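A short worksheet on the structure shown next.
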Amino acid sequence: MPTPANKPTLGRPPKYSAGQVINGLELVERLPKYKGRFRCHCGELFDARIGNIADGNTTSCGCNEGKHLPGEVFVGVELLERLEGGVGRFLCVCGVVFERNVPSVARSRRPSCGCRLRTGLYEVGAVFKGIAFVRQLDGRNGEFLCDCGRLFTADKYNVAASTNPSCGCHPRRRK
């Protein structure tokens, strides 16, 4: 039974040619076995199945993996901008701007510019997301001034990592 002229036959990808843009990716050259070499929006060349690009299953060379965008915060470290090669420029809780591999910062339990390995991060007046460090107490604990105006005691590392974002005045979202 013949298929209608306006319907493609199953199993056959449409005929794409070099120079054509498919879902935002330029097909640079066709390769054997339904594959093609594509130019990503970041400029990198990569090989993929043409059907995966056309269907939207593959959307980049891998640079979008994790889809970490500027403005995203990873345990107190903010991604300011993405650079080439999977590297990003970050703003640490201590105020230092540093560059590091984006996936490694995203996976880290306590990312920083290295300040969490040094002493002196928690100086009087240091502000962590609206919470001001007032004074050091014993060990890891410190006294903080919440943005609501109340003083409270907390583990200073939790405050800097935004796991304790307030004195309790802001309700936490329950999962």
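The values are calculated or read from the model by the stated rules, or taken from the named source; none is laboratory data. For clarity, every value in this text was computed on a predicted model and none was experimentally measured. Cβ: placed from backbone, ideal geometry, glycine included. Neighbour counts: every protein chain shown.
For the stretch 31-75, a residue qualifies if it is modelled with pLDDT of 85 or more and out of contact with any strand residue (DSSP E or B) (no Cβ under 9 Å at 6 or more places or on another chain), and the qualifying residues are P32, G51, N52. Based on this model, can you work out whether G168 counts as on the phi > 0 side of the Ramachandran plot and modelled with pLDDT of 70 or more? So G168 passes the test.
Within the stretch 23-30, can one find any residue that is over 27 Å from G88 (Cβ atoms), of a type in the set (S, T, N, Q) and modelled with pLDDT under 85? No, the stretch 23-30 has no match at all.
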